[in-house]
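Before any comments, here is the structure.
The values are calculated or read from the model by the stated rules, or taken from the named source; none is laboratory data. Since this is a predicted model, take the numbers as computed values, not measurements. Glycine also receives a Cβ, built like all others from the backbone with ideal geometry; neighbour counts cover every protein chain displayed. Just so you know, the surface numbers come from the protein's heavy atoms only, side chains and all, with ligands and any DNA or RNA stripped out. Shrake-Rupley method; radii C 1.70, N 1.55, O 1.52, S 1.80 Å.
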Amino acid sequence: MLQHLLTTNELKVDEIYQILSDAHNFKKGMEWHPEGKIFAANLFFEPSTRTKSSFEVAEKRLGLDVIHFEVLTSSVQKGETLYDTVKTLESIGVKTVVIRHDQDRYFDELVGKVNIPIINGGDGCGHHPTQSLLDLMTIHQEFGQFAGLKIAIIGDIRHSRVARSNADVLTRLGAEVIFSGPEDWFDSRSADMSKYRPIDQAVQEADVVMLLRVQHERHQQKSSFTANEYHKQYGLTLEREKMMKQDSIIMHPAPVNRNVEIADSLVECKRSRIFKQMENGVYVRMAAIKRSIESLEGGNQYETTYSERVLHSI
Amino acid sequence: MLQHLLTTNELKVDEIYQILSDAHNFKKGMEWHPEGKIFAANLFFEPSTRTKSSFEVAEKRLGLDVIHFEVLTSSVQKGETLYDTVKTLESIGVKTVVIRHDQDRYFDELVGKVNIPIINGGDGCGHHPTQSLLDLMTIHQEFGQFAGLKIAIIGDIRHSRVARSNADVLTRLGAEVIFSGPEDWFDSRSADMSKYRPIDQAVQEADVVMLLRVQHERHQQKSSFTANEYHKQYGLTLEREKMMKQDSIIMHPAPVNRNVEIADSLVECKRSRIFKQMENGVYVRMAAIKRSIESLEGGNQYETTYSERVLHSI
Amino acid sequence: MLQHLLTTNELKVDEIYQILSDAHNFKKGMEWHPEGKIFAANLFFEPSTRTKSSFEVAEKRLGLDVIHFEVLTSSVQKGETLYDTVKTLESIGVKTVVIRHDQDRYFDELVGKVNIPIINGGDGCGHHPTQSLLDLMTIHQEFGQFAGLKIAIIGDIRHSRVARSNADVLTRLGAEVIFSGPEDWFDSRSADMSKYRPIDQAVQEADVVMLLRVQHERHQQKSSFTANEYHKQYGLTLEREKMMKQDSIIMHPAPVNRNVEIADSLVECKRSRIFKQMENGVYVRMAAIKRSIESLEGGNQYETTYSERVLHSI
């Protein structure tokens, strides 16, 4: 069966640990290459540097051939549907596609109809599973477990793909998730209000301060905050960083709005794992692509069973 | 002598069969790789998904290195001519270029002046030889020959690169070509009016119903049809499909305007070879590139003589 | 220590000869490949055909993997800084970046803060070191030395990256540089006015007539010349070419404005080295990349000492 990677919600805990374990092994130098010439294509319908480049590095490290696809110069300009675009790529021999698209759950029109695995590189305000997985890898790397950790997700929950995916999966893995940020930006769809904390409290309690990007480009009406106001009220200022617990860390999916979500000088401070997250992104994507391609070849040839215990013992 | 691929009109019947035979062999798994590092560049001055990606897959399957060229970010933006652009690529070591350009016969300013083979990926409303060749491959694959077949080309003949190239070459190969579609869209340049048939008759008589794309982007004045009207009057509706001969097939160069040229549910019906055409496109392009690169190396090292008989016996 | 390539001014004479020697050897067929999978990225914030493609060919000939980066579809569109973009690429494993940017000395915000070498592909109106180096290679190839040569740089000195870099380095290498072109376009920053010559005199005296591109896109106010006037007053016309010394050569960084800086039919005349320059550009870039990557690996493993004498004896 094709192993798409669409949302973290639909990944079982075992599957999550399997991906993390492969990612960990790739980081340690594991080599895995599919046989023969395998083509991948990255379809990004929204601007992206790190996700797109990260997938490209991951694909090339696995020895895949990456077919170049720029939306601006494609037949999408002639009105071709996403389905027909993917089906075209399938017909010419592409074996796996990564898609970022501004439409929520764009993949619903593809699954069951295309014969190649789809890896979701972000859909609308919905999901961004490889971002969640790289966050998980970064946290696990730091603390060796999820149980007992308190993760504060701070900021623009409503517009954040990351927040939704992460809150769900972290809870399932045994962590406690709390939220902070502008109260207006919360709604029942995005968060359980009993988990809401004032910003200073969230920062003090958390083992992981996970900041979200203010998505200027998605806010329909003009924001009620200036950048400076946002920083003072909800950002990780120099003062708030000093309130953090001794071994707690700072995460952010990037691109960072410096001096908005986080003080400029904290981006690369000792607690920050922001660039570490990006590095881990490559390994997580290698693992996700490996999983998809193995599903094409008719079965995982990898025999190890994965569990939290195995991951720990590596 | 450099083997450009500019139009199907200038290909001799022998050359056509040679390309089809190579394409057929590539499909069967033939390996052919030029010696050393060979660079190719794809210059697409118009949006394209399938042609551009198909060439890229073909090039990479042959082991070529593909240099990335995006018109939007090239010196074409500073007013550089096509000749200077191609000459630049030649100077930096590119050994073959694929070009799509909106100007009819853009290649006339290049041939005889550049020292690398040019493969025409479509010029204006003129020619699109690899599309013709993939159509031929698809028909030959189905029927084993061209003689005795009746091919109905239906639609926007005047604006179709494909129609012109295909009608000519199919006739030379022994097939009978008939036309249908809006009478206004015909002219003496594009078709012999004695070959025009009302749509229902064309569909009933044909072994191959070859639909053309309504090229909204090329019609200067607003079309006199709504999409729905076009579909009813000239499209392959569910009703018309039922009139087709038992073993006749449906072809379309894509991208398809669903429910305009063809009913949505027929795009992937049993008769449809639309995605098969795309798959064959890769093999035909591999054959065209092989032919061009062999001409660079000073002579075809391939000794087989090609003929219809040989192709049949494979 | 990281070997960035930022400006020719900061290259010592020995370093210049080392790069030219490597370039020369690459042209003669020298193979050099870094160990393992090395990723490079080309960040072009301005349109470019030849520089970008030339770097891509150079990288691929060295066996590097090139990560695709299009500014138009990157997070730069979301306001990401250059520093964060480069740091992101570093985090995902890119080992060398080539950057063209419209801001003068954009690299000042990167050097000392990023851990991968930067190769300047042109900054604002400032520097374009690989263009200078390919000019040097072309001159050296022709004359075997720099001492005693008279080089006339003609045209839009003020807006030319190339003029500034070249005048400085050629003087250091022992050549005499003179200037010509519209007097209005000179200023004390760009040239020593005692070196200014009327156009006819410059063309007659020079061993190398180095024409500069009229950078329409950088002139703020409408130019005071028509293309035709410019050609007559300051261009290399058919008449002026006849005044040139017997073995003198014509150079131009391209893209050429035909019949502006140079008569159309002279672009590929016997004296012209314009396409030779482009060819040499690949070798010079291979040498520059080799130098950068060797600095990453902790020291130049290449033991030859380079000097003009060594270059001559090859």
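One table, with the values for the structure above:
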quantity: Accessible carbon and sulfur surface of chain B relative to its total accessible area, %, 1.4 Å; calculated: 46 percent
quantity: Solvent-accessible area buried by B and C, counting both chains, probe 1.4 angstrom, square angstrom; calculated: 2100 Å²
quantity: Exercise: per-residue mean of other protein chain Cβ atoms within 10 Å, B:280-289; calculated: 1
quantity: Too-long pairs where the Cα-Cα distance tops 28 Å, listed order kept, from C:Lys270/C:Lys290; B:Lys52/B:Lys290; A:Lys52/B:Lys276; B:Lys113/C:Lys52; C:Lys232/C:Lys270; calculated: C:Lys270/C:Lys290; A:Lys52/B:Lys276
quantity: Nitroxide proxy distance, nm - points 7 Å out along Cα→Cβ at A:Glu31 and C:Ala227; calculated: 5.5 nm
quantity: Prolate/oblate/rounded call for the protein assembly as shown, Cα gyration tensor, a/c under 1.5 rounded; calculated: oblate
quantity: The stretch B:267-292 residues near the modelled A:Thr81 label - backbone nitrogen below 15 Å, point 7 Å along Cα→Cβ; calculated: B:267-269, B:275
quantity: Test item: A:85-95 mean partner chain Cβ contacts at 10 Å; calculated: 6
quantity: Loop-located trypsin sites (Lys or Arg not before Pro) in the stretch C:1-33, at most 13 other Cβ atoms within 10 Å (DSSP); calculated: C:Lys12, C:Lys28
quantity: Test item: C:116-127 mean partner chain Cβ contacts at 10 Å; calculated: 0
quantity: C:Asp14-C:Lys113 pseudo-label distance in nm [points 7 Å out on the Cα-to-Cβ vector]; calculated: 3.2 nm
quantity: Per residue value of the accessible surface for chain C (all protein chains in place, 1.4 Å probe), Å²; calculated: 38 Å²
quantity: GNM result for chain B, Cα springs below 10 Å: residue of B:Leu20, B:Leu266, B:Leu211 fluctuating most strongly; calculated: B:Leu266
quantity: Protection proxy ranking, peptides C:30-38, A:81-89, average beta carbon neighbours within 10 Å, highest first; calculated: A:81-89, C:30-38
